[in-house]
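What follows is a short report on a single structure.
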Amino acid sequence: VLVIGSGIAGATAALRLARNPNRRVLLLTRAADPRESNTRYAQGGIVSRGPDDSPDLLVQDILRAGAGATRLEAARHLAKEA
């Protein structure tokens, strides 16, 4: 079985598949260090605006949390849809 990606989903799938001793599992990742994945940098999976929040304030929060790695247009879209 070929598992592509060493994030939480790929690593979990590979470990579960490897429980079967008759199955060969290969985990493929683009980085030399298999711990280098989006999971490592995840801030959480849920974003929403609070009652006193606005899309502009949420954009600023997203940009701060992204530490310079966030695309402004993506942050604006997320804040609008949150």
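The values are calculated or read from the model by the stated rules, or taken from the named source; none is laboratory data. Because the structure is a prediction, the values reported are computed rather than measured. We place every Cβ from the backbone using ideal geometry, glycine too, and count neighbours over all the protein chains shown. Ligands, DNA and RNA are stripped out before the accessible areas are found, and what is left, the full protein with its side chains, is counted by its heavy atoms. Shrake-Rupley method; radii C 1.70, N 1.55, O 1.52, S 1.80 Å.
Being open to solvent by less than 50 Å² (accessible area, probe 1.4 Å) and either among the β-branched types (Val, Ile, Thr) or at pLDDT 80 or above (or both) is the filter here; which residues of the stretch 34-52 pass it? Answer for the stretch 34-52, where residues must be open to solvent by less than 50 Å² (accessible area, probe 1.4 Å) and either among the β-branched types (Val, Ile, Thr) or at pLDDT 80 or above (or both): just Ser37.
Considering only the stretch 60-78, I want to know if a residue exists there that is touching a helix residue (DSSP H, G or I) at 6+ places or on another chain (Cβ under 9 Å), open to solvent by 100 Å² or more (accessible area, probe 1.4 Å) and in contact (Cβ under 8 Å) with a residue 24 or more places away in the chain. No, the conditions are met nowhere in the stretch 60-78. Taking residues in the stretch 1-27 that are over 14 Å from Thr39 (Cβ atoms), and partners anywhere that are open to solvent by 90 Å² or more (accessible area, probe 1.4 Å) and part of a helix (DSSP H, G or I), the pairs with Cβ atoms closer than 9 Å and at least 6 places apart or on different chains are Val25/Leu15.
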